[in-house]
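Since the structure comes first, as structure tokens, the remarks are kept for the end.
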């Protein structure tokens, strides 16, 4: 089995981080070696997150961290033939939505950068979308503007639809809720067979 890359996507305050921990615990219990790439935006200053350049840097770092982790786990898998899974708490799909809505007029993203993001967006084996459920809980970090949150969610759903419509053969998109943990497990078991 090759390393499985799972991305958890959604606007802020939808329970992604809590879900990532639940998924890790669940897969650990099933014998998988699970590694998490933490959300990078939390490492930035809150007041800088709506800046175009900061969002662009976050995307670059996300891609770098994901590629480095995948290479590391592939080397481990070659040595140990383990059941390796990497989970990203936020993806380039989410990060690009924030970049697009960063509110900076006239800033442009080059074609090479867009292609880099597109390739990374299609590199997830499983994408789990975390939908809006409730109002934002104040934690001193999250943006409390509900309209901004709704716009981010809409942009993420459009990007997921684009990935689905592109016919990306190795990407399964699931919605968080119900039997999502069991669906992830079944998908991983199918990957082990092939």
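The values are calculated or read from the model by the stated rules, or taken from the named source; none is laboratory data. Please read these numbers as outputs of a predicted model, since none were measured by experiment. Counting neighbours? That spans all protein chains shown, and the Cβs are built from the backbone with ideal geometry, glycine included.
Residue by residue through the stretch 18-38, note down the ones that are in a helix (DSSP H, G or I) and within 23 Å of residue 72 (Cα to Cα).
20, 21, 23, 24, 25, 26, 27, 28, 29
Since residue 112 meets every condition but one in (1) modelled with pLDDT under 90; (2) surrounded by fewer than 18 Cβ atoms within 10 Å (Cβ to Cβ), which condition does it not meet?
(1)
Please indicate, with yes or no, whether at least one residue in the stretch 167-188 is within 26 Å of residue 68 (Cβ to Cβ), outside any helix (DSSP H, G or I), in contact with a strand residue (DSSP E or B) (Cβ under 7 Å, 6 or more places away or on another chain) and modelled with pLDDT of 90 or more.
No - not one qualifying residue is present in the stretch 167-188.
Being loosely packed, with under 14 Cβ neighbours inside 10 Å, in contact with a helix residue (DSSP H, G or I) (Cβ under 8 Å, 6 or more places away or on another chain) and modelled with pLDDT under 90, is that true of even one residue in the stretch 35-56?
Scanning the stretch 35-56, I find at least one residue that is loosely packed, with under 14 Cβ neighbours inside 10 Å, in contact with a helix residue (DSSP H, G or I) (Cβ under 8 Å, 6 or more places away or on another chain) and modelled with pLDDT under 90, so the answer is yes.
Could you tell me whether residue 103 is under 22 Å from residue 161 (Cα atoms) and either modelled with pLDDT of 85 or more or surrounded by fewer than 19 Cβ atoms within 10 Å (Cβ to Cβ) (or both)?
For residue 103, the condition - under 22 Å from residue 161 (Cα atoms) and either modelled with pLDDT of 85 or more or surrounded by fewer than 19 Cβ atoms within 10 Å (Cβ to Cβ) (or both) - is not met.
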